[in-house]
1. How much of the accessible area of the range 2-81, in percent, comes from carbon and sulfur atoms when a 1.4 Å probe is used?
2. In Å², what does the accessible area per residue of the range 1-89 work out to with a 1.4 Å probe?
Amino acid sequence: MMLRGFIKVEMLGILGRDPEMRYTPSGRAVTSFSVVASRSWTTADGERREHHEWVNIVAWGKLAEICKTHLKKDQQVYVEGRLQTRRWTNDEGKQQVQIEVVADDMYVVGERRMGIEYADADESAHDDGDYPF
């Protein structure tokens with residue numbers, strides 16, 4: 001008997017860009033977007049610190065269409081899903097790895113927020129890279 005496990009992800013954050021929807025060769029909708037979750041704390045020295053964690057989100061099928069229709073950059077969103085690691089070889093022959101959340105559910109939580117800046121954000125973390133489809 002094979003034991004099974006799963007990793008469930010719950011995330012509340014702000015959309016870093018408008019969702020992008022595509023279709024696979026078989027005609028299935030897929031939408032991708034990035035969400036940033038931020039936290040702040042005070043160090044033992046009294047210095048205020050912030051950290052912004054960017055996460056790539058992928059939605060499929062009907063949920064992909066809903067995300068494309070209802071989400072916009074700078075909106076607050078709650079996403080539930082599972083972690084997925086994708087590996088592929090790019091055109092230069094280099095191995096690529098991307099960890100993302102495959103969304104099972106999505107809720108718009110707040111209004112769109114204008115002009116949010118994340119100075120220490122890792123721009124490459126929410127760059128989709130090359131999809132193998």
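1. Working: 2420 of 4750 Å².
Heavy-atom surface of the range 2-81 belonging to carbon and sulfur, 1.4 Å probe: 51 percent.
2. On the way: 5580 Å² over 89 residues.
I get 63 Å² per residue for this part.
The values are calculated or read from the model by the stated rules, or taken from the named source; none is laboratory data. All values reported here derive from a predicted model rather than from experimental measurement. Quick note on the areas: whole protein, heavy atoms, side chains included, nothing else; ligands and nucleic acids left out. Shrake-Rupley method; radii C 1.70, N 1.55, O 1.52, S 1.80 Å.
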